[in-house]
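The values are calculated or read from the model by the stated rules, or taken from the named source; none is laboratory data. Since this is a predicted model, take the numbers as computed values, not measurements. Counting neighbours? That spans all protein chains shown, and the Cβs are built from the backbone with ideal geometry, glycine included. Please note that ligands, DNA and RNA were not included when accessible areas were found on the heavy atoms of the full protein model with its side chains. Shrake-Rupley method; radii C 1.70, N 1.55, O 1.52, S 1.80 Å.
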2 protein chains.
Amino acid sequence: MDVTARIERALDEAVATAEVPGCPPRLAAAMRYAVFPRGARVRPRLCHAVAAACGEDHPGATEAAGAALELLHCASLVHDDLPCFDAAETRRGRPSVHKAFGEPLAVLAGDALIVLAFQTLARIKCAPERLAMLTLTVARSVGVPTGIVAGQAWECESQIDLVHYHRCKTGALFAAATVAGAASAGVDAEPWRIVGEKLGEAYQVADDIRDAASDEEEIGKPIGRDLALGRPSAVIELGLDGAIHRMHGLVHGAIDSMPPCRNGSELRSLMLSEAKRLVPKKLAQFAA
Amino acid sequence: MDVTARIERALDEAVATAEVPGCPPRLAAAMRYAVFPRGARVRPRLCHAVAAACGEDHPGATEAAGAALELLHCASLVHDDLPCFDAAETRRGRPSVHKAFGEPLAVLAGDALIVLAFQTLARIKCAPERLAMLTLTVARSVGVPTGIVAGQAWECESQIDLVHYHRCKTGALFAAATVAGAASAGVDAEPWRIVGEKLGEAYQVADDIRDAASDEEEIGKPIGRDLALGRPSAVIELGLDGAIHRMHGLVHGAIDSMPPCRNGSELRSLMLSEAKRLVPKKLAQFAA
């Protein structure tokens, strides 16, 4: 089974635990709506690629770790789209969860997806040390002091710490993807953190580029939100060319940071193809 | 150290992980505000009492389990108070989290507390089978299909399933308290579920009684909300006397359901004193 199919199956099995008698059906529907149809699945793909590079020996652990990261990512999108944050009416080209299901179910679906991520990990039948390591890695990436929730909370401070903001809001889940990928393969995982951090930063810069320079239909959500909301953006700071240059520097930095591993070629290819994919089509000629 | 001090210390240590440089300070403040000063700590006290009854052999596991349950309970209160649900302006006699910190930080503090609960569990240094069991028990009590999030989501359905609603919304976390208490002591834990379920139901009935018949200053939150919001209530269904009678029947049923254990007397006392505490003072003469 290829990686895409494994990722989708793991997510489907996780979400299906809500689709049983006794669970409020609209909550289950909101959770599935938040997770499917698939987005790019960047984080689980990265997790799988690192696990494969490290000589994956427990596919179930990799799949659970990848699914947990994606469930948390989807949860954060649902909550970030709420009226009290971005008030985003669309996501992936259709109504956001709170527009489709109402605000209460958007809050609850996000909560339930967070819990589901940890349930998915706890169900792994693997060496228990590996389980604790995976749980702590994933929790660190989403909670306090430096996970995605903390990142989002920087937007509520009067003085925003930009370094922490970006590192938490996007970098944390990417760092968790590389660390959890290595941990699920049972190898020394912390050296993989820097790879994920650089990729996360690249992804954040790419997101700023897309927000500033994409067509709305290409990315499936409203554009120009960062500018409209006065948010920090690499494009505002460095200009469009500077931001693209920075993004490529970060991706190559991530590749150069890879710890020695059995089979890194597939992972390197993934990082380079992502770097290409993330630049808006009309700027493709600038892609290095 | 007595149980109250152990519970408060475990919660303080958990919340303190947010109070470090690099974490948005208002998020950390909102989290502490949600957890302190203490409420009745009913769920962790129950967890500790069951662990003691079962011959507690790993105090750190009990403390982590109790803290995790209370963090999840506090998270659910923060989210339930949001404008899109109860729109509660006060809680425990002071402004609710969204009134004190704003809606975005209330959403994020709730999210962060959920994650912190699982982090707290993952940090237990105990036999890994026990860790997985505790994590699954706690996750089940808060997520889908039958945890407190699912319970809250029943309020978003056009047809509410009352049995599932009460069992999820209140019973799930009480059931987790008894099961996790037994699991943290390393004994066969599932037989303890029924004890927690009955206590949870008793607590829900008591909550309905308090909502209908308390003084606002006695319970520290607005009263009459169930009636105002057209919510299901045991008082509406059974009348005030009938509801009080039902609550006491449930508490005694919980005591009768206790599996054989080393030292059940303290646990029995706790259940009986809770039953007395939960009845509003002006109805105390009706308490059996």
Derived scalar couplings ³J(HN,Hα) [the stretch B:24-33; Karplus, 6.51 cos²θ - 1.76 cosθ + 1.60; whole Hz; x for Gly, Pro]: x, x, 6, 5, 4, 5, 5, 5, 5, 4
Theoretical gain in end-to-end length, B:His245 to B:Asp12 [0.36 nm per residue, Cα-Cα removed]: 80.1 nm
Dipole-positive endmost among B:Gly110, B:Ala228, B:Thr120 within the stretch B:3-286 (Cβ charges, Cα centre): B:Thr120
Solvent-accessible area of A:Ser265 with every protein chain in place, 1.4 Å probe, in Å² to the nearest 10: 60
Position A:Asp188, label points 7 Å along Cα→Cβ, spacing to each other copy in nm (shortest first, one decimal): 4.5
Three-way shape call for the stretch A:57-171 based on the alpha-carbon gyration tensor, with the a/c threshold at 1.5: oblate
Gyration tensor verdict on the stretch A:1-95 (Cα atoms; rounded if a/c is under 1.5, prolate if a/b is larger than b/c, oblate otherwise): oblate
Alpha-carbon centroids, the stretch B:239-285 and the stretch A:163-200: separation in whole Å: 49
B from A by rotation - nearest chain A beta carbon to the axis, in Å: A:Pro128, 1
Relative contact order (%) - the stretch B:3-286, alpha-carbon pairs under 8 angstrom, separation at least six: 20
Whole-angstrom gap from the stretch B:66-86 to the stretch B:36-55, using each part's C-alpha centre: 17
Geometric extent, Cα atoms of chain A - Rg, Dmax (angstrom): 18.1, 54
Cβ charges +1 (Lys, Arg) and -1 (Asp, Glu), total dipole of the protein assembly as shown, debye: 480
Charge dipole (the stretch A:3-286, unit charges on Cβ, about Cα centre) - positive-most of A:Ala67, A:Leu278, A:Ile209: A:Ala67
Stretch gain in nm, segment A:Ile160-A:Met1, where the contour uses 0.36 nm per residue and the Cα spacing is subtracted: 52.8 nm
Förster radius 22 Å - calculated FRET efficiency between A:Arg231 and B:Glu19, Cβ distance, rounded to 0.05: 0.25
Surface accessible to a 1.4 Å probe, B:Thr4 within the full protein complex, Å²: 50
Dipole magnitude (debye, nearest 20) for the stretch A:1-156, charges at Cβ of Lys, Arg, Asp, Glu: 200
Heavy-atom accessible area order for B:Tyr203, B:Tyr165, largest first, 1.4 Å probe: B:Tyr203, B:Tyr165
Test item: Cα-centred dipole of chain A, Lys/Arg +1 and Asp/Glu -1 on Cβ, debye: 480
Exam field: B:Glu157 pseudo-label spacings to other copies (7 Å along Cα-Cβ), nanometres: 4.2
Theoretical FRET efficiency, 1/(1+(r/R0)^6), r = Cβ-Cβ of B:Thr90 and A:Ser265, R0 56 Å, to 0.05: 0.40
Given A:Lys99/A:Lys281; A:Lys99/B:Lys169; A:Lys169/A:Lys198, the pairs whose alpha carbons are separated by over 19 Å: A:Lys99/A:Lys281; A:Lys99/B:Lys169
Distances in nm from A:Pro95 to the matching label points in the other copies, shortest first (labels 7 Å along Cα to Cβ): 3.3
